[in-house]
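To start, the structure under review is shown below, and the notes come after it.
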Amino acid sequence: MSRRHRGIQWAGVIVAVAFLGGLVLALLSTRTIRGSISGSDSILSLAAIHPGFLVGLAQGVDESRDGVTWLPAVNIPREPVQVGSDGVTSFVLAGGTLKATRDLTSFQVVASGVSGTVIAAGGAGATQTLYVLDGSSVDRVVTDGSRLPPVPGAPVGEPLCMAVVRDSPLSLLVGGVPGLWRTDDAGATWQRILGTPAQAVLVDPDNPERILLGTPGGVLLSTNGGLQWRFTALRKDVHGLSAENGKFFAVTTERVVYGSDDGDTGWRAVGP
């Protein structure tokens, strides 16, 4: 066999291998994990309450009772939507309207004319304060419809997440690609406590010294208010964190919600 013919044969083998490799990659890329959230738009936030989950997306909100079957939430615009939770009530900010739900079925209007990119709930109660990050300020909306004076926001640039450490004196955490900032004096001063990209942040409802941080490399945990950090067992790209009834939840870019009893170990995909 001539060198030319052998060259043609090898070229054919290479093309065939490349084609098969591309086909395998295509099949893998279209495979969905059981319980994964439908669609492909960006995940923005996560809210967990006893009836189930809400996930804020770049094109609306999806809800699930069991973490496996996901459907679009009713009467929520198909636009970038932020969600938050205090473990009992989930809150949704969409179309300039702040809504609340305790059953994932009915959404009650809390306030209209609200603008912002990130929301966080203060302590649970008959009336509580919701924090809405709007540019360089944090608006404060009370669930009875009243409003408190806004406070200065963190110098994050484009914030991605926020959590309330305590309502009084006001202590907040705000994160973005440049890192995580903290204020303990109602926004008068901010300190960057971590330079890792912060995509989601959660304060343990039972211990304000325990802080979970969602990053591109996984969930970080601090047990001393943000002075020191270490990785938990969940080493995936996390874009939402929430807690409910002593359990912790995270949503990842593979569009799956994971749960843990302590927010540190034993992370597993949520199922029925």
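The values are calculated or read from the model by the stated rules, or taken from the named source; none is laboratory data. If you're wondering where the values come from, they're calculated on a predicted model, not measured in any experiment. In this analysis, Cβ positions are derived from the backbone assuming ideal geometry, glycine residues included, and neighbour counts consider all displayed protein chains.
Go over the candidates Gly153, Gly176 one by one and state the one that is under 18 Å from Leu46 (Cβ atoms), touching an Asp or Glu at 6+ places or on another chain (Cβ under 9 Å) and not aliphatic (A, V, I, L, M).
Gly176
Residues to consider are Leu160, Leu104; find the one that is in a loop (DSSP other than H, G, I, E, B), buried (at least 18 other Cβ atoms within 10 Å of the Cβ) and not acidic (Asp, Glu).
Answer to the selection: Leu104.
Among the candidates Leu98, Leu170, Leu71, single out the residue that is crowded, with 20+ Cβ neighbours inside 10 Å and within 18 Å of the chain's Cα centre (by Cα).
Leu98
Which residue, of Val61, Val109, Val114, is within 20 Å of Cys161 (Cα to Cα), out of contact with any Cys (no Cβ under 7 Å at 6 or more places or on another chain) and part of a strand (DSSP E or B)?
Just one listed residue meets the conditions, Val61.
Whether any residue in segment 206-223 is assigned to a strand (DSSP E or B), assigned by TED's automatic domain parsing to the domain that holds His50 and exposed (fewer than 14 other Cβ atoms within 10 Å of the Cβ) is what I want to check.
No; the residues of segment 206-223 include none that is assigned to a strand (DSSP E or B), assigned by TED's automatic domain parsing to the domain that holds His50 and exposed (fewer than 14 other Cβ atoms within 10 Å of the Cβ).
Could you tell me which residue of segment 50-82 is nearest to Thr252 (Cα to Cα), considering only residues that are hydrophobic (A, V, I, L, M, F, W, C) and touching a residue at least 60 places away in the same chain (Cβ under 8 Å)?
Val55
Answer yes or no as to whether Val109 is among the β-branched types (Val, Ile, Thr) and surrounded by 14 or more Cβ atoms within 10 Å (Cβ to Cβ).
In short, no.
Just give me the residues in segment 182-195 being buried (at least 18 other Cβ atoms within 10 Å of the Cβ) and either of a type outside the set (A, V, I, L, M, F, W, C) or under 17 Å from the mean Cα position of the chain (by Cα) (or both), in sequence order.
Scanning segment 182-195 gives Arg182, Thr183, Gly187.
Residues are listed down the side, and each one gets a yes or a no for (1) among the acidic types (Asp, Glu); (2) at pLDDT 85 or above; (3) not in a loop (DSSP other than H, G, I, E, B):
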site: Leu27; (1), (2), (3): no, no, yes
site: Ser36; (1), (2), (3): no, yes, no
site: Ser40; (1), (2), (3): no, yes, no
site: Leu44; (1), (2), (3): no, yes, yes
site: Pro80; (1), (2), (3): no, yes, no
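Just need a number here: residues in segment 74-95 that are under 17 Å from the mean Cα position of the chain (by Cα) and surrounded by fewer than 13 Cβ atoms within 10 Å (Cβ to Cβ).
Matching residues across segment 74-95 total 1.
Residue by residue, here is whether (1) touching a helix residue (DSSP H, G or I) at 6+ places or on another chain (Cβ under 9 Å); (2) free of Cβ contacts under 8 Å to residues at least 40 places away in the same chain; (3) within 26 Å of Val257 (Cα to Cα); (4) not assigned by TED's automatic domain parsing to the domain that holds Phe91 holds:
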{"site": "Gly153", "(1), (2), (3), (4)": "no, yes, no, no"}
{"site": "Pro159", "(1), (2), (3), (4)": "no, no, yes, no"}
{"site": "Ala163", "(1), (2), (3), (4)": "no, no, yes, no"}
{"site": "Ser168", "(1), (2), (3), (4)": "no, yes, no, no"}
{"site": "Val177", "(1), (2), (3), (4)": "no, yes, yes, no"}
{"site": "Thr183", "(1), (2), (3), (4)": "no, yes, no, no"}
{"site": "Gln191", "(1), (2), (3), (4)": "no, yes, no, no"}
{"site": "Leu194", "(1), (2), (3), (4)": "no, yes, yes, no"}
{"site": "Ala233", "(1), (2), (3), (4)": "no, yes, yes, no"}
